[in-house]
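Contents: one structure, followed by commentary.
The values are calculated or read from the model by the stated rules, or taken from the named source; none is laboratory data. Please read these numbers as outputs of a predicted model, since none were measured by experiment. Note that we place each Cβ from the backbone using ideal geometry, even for glycine, and neighbour counts take in every protein chain shown. Accessible surface areas use protein heavy atoms only, side chains included; no ligands, DNA or RNA. Shrake-Rupley method; radii C 1.70, N 1.55, O 1.52, S 1.80 Å.
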Amino acid sequence: MDELTIRTPDDLHVHLRDDVMLPETVPATARCFARATVMPNLVPPVTTADLATAYKQRILAAVPAGQNFDPLMTLYLTMQTSVADVEAAKVAGIRAIKLYPAGATTNSDAGVSSLEPLYPIFEAMSKAGILLLIHGEVTEYEVDVFDREKEFIERYLRDICKSFPDLKIVLEHITTKDAAEFVGSGPENIAASITPQHLLLNRNDLLAGTLKPHNFCLPILKRNIHQLALREAVASGSTKFFLGTDSAPHARHRKEAACGCAGCYSAWSAIELYAQVFDDLNCLDKLEAFASENGADFYGLARNEGTITLRKESWTIPEEVTLADSTPIVPFFAGQDLRWKLA
Ligand code: DOR
Ligand code: ZN
């Protein structure tokens, strides 16, 4: 097969950032995704409907002329989030609220420190039909960083799913066999997004021989048995798994630093990276459902009307992209060749 046309996909997990980043990140995502779930971990975080509405206007101002792109806005859950905030979010058309355990990742300091007190909020979200998106990692120092996702499932997620059977929950950017099994065989109200980096790489690509800061993301890359489980999950065709890139740009100097930031900027090659994985797995016929149907269906959105075409054509991901203020960013897979290209 040399050409593949699929329904226009959605990226249901992306970090567009703000200000000078937007003219870079918005066109990169809008080049092939009709919609994207926009993460709220700005500084300060997007905690209210008013902040999300203003942020949405800044994003729309960066959409290239003539292109359609619908940013799906989210709120950042804190210990101060109220039922009134949830109701205001519903009125403002906000689809989802993101749960970051405090300290789990980039700009998560304002995240949640305890889950039980938030159960009334989950109840209100369930009633309002607002999805709960979860960064599923515990943050206790004594828990090994490679076990933090599995521990979150055991300690918290099972109970949340059971307690709120009508609340739609997305376990974001899953990285383990444990998460793939939990979601794949779990209740109907849970699904998961999967990134290109967790399908393409394992912890050797981060740690073996030399440290590769541009492959550092959170949750951290795991050992290869977990990578293989994620590949099996997408190849299975289960409707519970869908595309969410977690494309997350950081300036080069913040990645190549003593305390390097977590995040892979994959937007410029996202759909192509997924196509390569599905091709390697001999299941290109499953790409359309993963990229363009499963997520929309789970969110309760209409599937997109248009199509995109991918061609089998070798190209090289640039070594660097530069923001308008000259800040360099190293894209994910920089300098590497890909076999599929968006037409
Ligand atoms: O690698 C990551 N980067 N994981 C996250 O959860 C956040 C993201 C970011 O905002 O940079
Ligand atoms: Zn993210």
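Quick one: which of ALA124, ALA128, ALA88 is modelled with pLDDT of 95 or more, closer than 17 Å to LEU51 by Cβ and away from ligand 1 (no atom under 13 Å from the Cβ)? Full working, then the answer.
On the way: ALA124 fails: closer than 17 Å to LEU51 by Cβ; ALA128 fails: closer than 17 Å to LEU51 by Cβ.
The match here is ALA88.
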Margin query: Restricting to region 28-60, name every residue that is over 25 Å from MET79 (Cβ atoms) and open to solvent by less than 30 Å² (accessible area, probe 1.4 Å).
Written below: ALA28, THR29, ALA30, CYS32, PHE33, ALA34, ARG35, ALA36, ILE59
Check: Any residue at all in region 308-321 that is in a helix (DSSP H, G or I) and either at pLDDT below 95 or among the hydroxyl-bearing types (Ser, Thr, Tyr) (or both)?
Finding: no
Check: Across region 129-168, which residue is nearest to ligand 2 (Cβ to nearest atom) among those that are in contact (Cβ under 8 Å) with a residue 60 or more places away in the chain and not in a loop (DSSP other than H, G, I, E, B)?
Finding: LEU133
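So in region 232-269, with the set limited to residues that are aliphatic (A, V, I, L, M) and closer than 18 Å to GLU172 by Cα, which one is nearest to ligand 2 (Cβ to nearest atom)?
Looking at the filtered set, the residue picked out is ALA248.
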Checklist line | Checking PRO196 against (1) open to solvent by 10 Å² or more (accessible area, probe 1.4 Å); (2) touching a Leu at 6+ places or on another chain (Cβ under 8 Å); (3) within 16 Å of ligand 2 (Cβ to nearest atom); (4) under 22 Å from GLY295 (Cβ atoms), the condition it does not meet | finding: (1)
Next item on the list: Test each condition in (1) under 22 Å from ARG252 (Cβ atoms); (2) open to solvent by 40 Å² or more (accessible area, probe 1.4 Å) for LEU201 and report the one that comes out false.
Entry: (2)
Note to self: Would you confirm, using the coordinates I've provided, whether ALA270 is within 16 Å of ligand 1 (Cβ to nearest atom) and not in a helix (DSSP H, G or I)?
What the structure shows: no
Next item on the list: Return the pairs, sorted by first residue and then second, in which the second residue is in a helix (DSSP H, G or I) and not aliphatic (A, V, I, L, M), the first residue lies in region 97-122 and is in contact (Cβ under 8 Å) with a residue 24 or more places away in the chain and open to solvent by less than 40 Å² (accessible area, probe 1.4 Å), the beta carbons are less than 6 Å apart, and the residues are 6+ apart or on different chains.
Entry: LEU115/TYR156
Margin query: Can you confirm whether ALA88 is within 16 Å of ligand 2 (Cβ to nearest atom) and not β-branched (Val, Ile, Thr)?
Written below: no
